[in-house]
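> Sharing a structure here in structure tokens format.
The values are calculated or read from the model by the stated rules, or taken from the named source; none is laboratory data. Computed from a predicted structure; not experimentally measured. Cβ sites come from the backbone with ideal geometry, for glycine too, and all protein chains shown count toward neighbours. The accessibility values were calculated without ligands, DNA or RNA, using every heavy atom of the protein model including side chains. Shrake-Rupley method; radii C 1.70, N 1.55, O 1.52, S 1.80 Å.
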Amino acid sequence: MLRLRIAACLATLPLLVSGCGYFLPSHHYYAVGVARIGDQVHVYAPLCDGERVLEVEAYDNAAEAQASDDDPDPTRFTYWKAADPTEESVAEGWLILGDSRGFKQTPVSAGANIPLPERVGISLRLRVERGEHTVGDVVAVLEAPEYPAGTDRRTVRYSYRRENSKDLRDPQEIRKQSGCAAAYPA
């Protein structure tokens, strides 16, 4: 998995440098919003009409980056992995890390392999217009804004873009700025 991510990054570098970046969103990488509501970590993954979450994986980004490409267990650093949404809101990108109630399958239950890391890599396999596409981000759970339990996830402000954890935006602002997930490098 690490080899695939590195190859994808290297393959897109010439496009970003050559001026073809005009076809990519201005911030060059897909980003999700993250907020803590009560004791749950909520993720808002902005998607365009026709884009749907098929699978989500939350993993220890730092540990996976240091892992060998020969690792026989590709989920060794996975905190949680779920697939095949059963709830419309989940398919539309409204996720709660570790909560599998909105999915048919849970290949890795929350915390089965590792505890929730401070910096969580989030990988989303999506259905898009031309098939499937994978995007991802890294979020700092401890830097996410906190709200009381029961707060409507559609009204909170999420931490958005990992280089500035103070950049808080509501879902409409995130959706407006992000562009379509399919436009980002895999």
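> Report, by residue number, each residue of the stretch 96-118 that is in contact (Cβ under 8 Å) with a residue 40 or more places away in the chain and farther than 25 Å from GLU51 by Cβ.
The answer is ILE114, LEU116, PRO117.
> In the list THR106, THR134, THR155, which residue meets the criterion of being more than 20 Å from TYR59 (Cβ to Cβ) and either at pLDDT 95 or above or not aromatic (Phe, Trp, Tyr) (or both)?
THR155
> Under 9 Å between Cβ atoms, which residue pairs at least 6 apart in sequence (or on different chains) link something in the stretch 145-159 that is among the small types (Gly, Ala, Ser) with a partner that is open to solvent by less than 60 Å² (accessible area, probe 1.4 Å) and in a loop (DSSP other than H, G, I, E, B)?
Once the first residue is among the small types (Gly, Ala, Ser) and sits in the stretch 145-159, its partners that are open to solvent by less than 60 Å² (accessible area, probe 1.4 Å) and in a loop (DSSP other than H, G, I, E, B) give ALA149/GLY38; GLY150/GLY38; SER159/ALA144; SER159/PRO145; SER159/SER165; SER159/ASP167.
> Tally the residues that are within 14 Å of the chain's Cα centre (by Cα) and open to solvent by 70 Å² or more (accessible area, probe 1.4 Å), restricting the search to the stretch 80-130.
So the count comes out to 2.
> Sticking with this one: Out of everything in the stretch 132-156 that is small (Gly, Ala, Ser) and not in a loop (DSSP other than H, G, I, E, B), what residue ends up being most open to solvent (accessible area, probe 1.4 Å)?
Among residues in the stretch 132-156 that are small (Gly, Ala, Ser) and not in a loop (DSSP other than H, G, I, E, B), the one most open to solvent (accessible area, probe 1.4 Å) is GLY136.
Residue-by-condition table, conditions (1) modelled with pLDDT of 50 or more; (2) out of contact with any Phe, Trp or Tyr (no Cβ under 6 Å at 6 or more places or on another chain); (3) assigned to a strand (DSSP E or B):
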position	(1), (2), (3)
ILE6	no, yes, no
CYS9	no, yes, no
PRO14	no, yes, no
HIS28	yes, yes, no
CYS48	yes, yes, no
LEU54	yes, yes, yes
TYR59	yes, no, yes
ASP71	yes, yes, no
PRO74	yes, yes, no
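> Could you run through the stretch 157-168 and say how many residues are over 23 Å from ALA65 (Cβ atoms), out of contact with any helix residue (DSSP H, G or I) (no Cβ under 9 Å at 6 or more places or on another chain) and open to solvent by 80 Å² or more (accessible area, probe 1.4 Å)?
Residues in the stretch 157-168 being over 23 Å from ALA65 (Cβ atoms), out of contact with any helix residue (DSSP H, G or I) (no Cβ under 9 Å at 6 or more places or on another chain) and open to solvent by 80 Å² or more (accessible area, probe 1.4 Å): 0 in total.
> In this structure, does ARG125 turn out to be modelled with pLDDT of 95 or more and either assigned to a strand (DSSP E or B) or not aromatic (Phe, Trp, Tyr) (or both)?
Yes, satisfied.
> Would a scan of the stretch 72-95 turn up a residue that is free of Cβ contacts under 8 Å to residues at least 12 places away in the same chain and under 24 Å from ALA35 (Cβ atoms)?
yes
> With the requirement that a residue be under 17 Å from the mean Cα position of the chain (by Cα), more than 19 Å from ALA83 (Cβ to Cβ) and not in a strand (DSSP E or B), what does the stretch 37-46 give you?
The answer is PRO46, and nothing else.
> Also: Is the stretch 168-180 home to any residue that is within 20 Å of ARG52 (Cα to Cα), in contact (Cβ under 8 Å) with a residue 60 or more places away in the chain and either in a loop (DSSP other than H, G, I, E, B) or in contact with a His (Cβ under 6 Å, 6 or more places away or on another chain) (or both)?
Looking through the stretch 168-180, at least one residue is within 20 Å of ARG52 (Cα to Cα), in contact (Cβ under 8 Å) with a residue 60 or more places away in the chain and either in a loop (DSSP other than H, G, I, E, B) or in contact with a His (Cβ under 6 Å, 6 or more places away or on another chain) (or both).
Residues are listed down the side, and each one gets a yes or a no for (1) in contact with a Pro (Cβ under 8 Å, 6 or more places away or on another chain); (2) farther than 30 Å from ASP73 by Cβ:
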{"residue": "SER100", "(1), (2)": "no, no"}
{"residue": "ARG127", "(1), (2)": "no, no"}
{"residue": "HIS133", "(1), (2)": "no, no"}
{"residue": "THR151", "(1), (2)": "no, yes"}
{"residue": "ARG154", "(1), (2)": "yes, yes"}
{"residue": "SER159", "(1), (2)": "yes, yes"}
{"residue": "PRO171", "(1), (2)": "yes, yes"}
{"residue": "CYS180", "(1), (2)": "no, yes"}
{"residue": "PRO185", "(1), (2)": "no, no"}
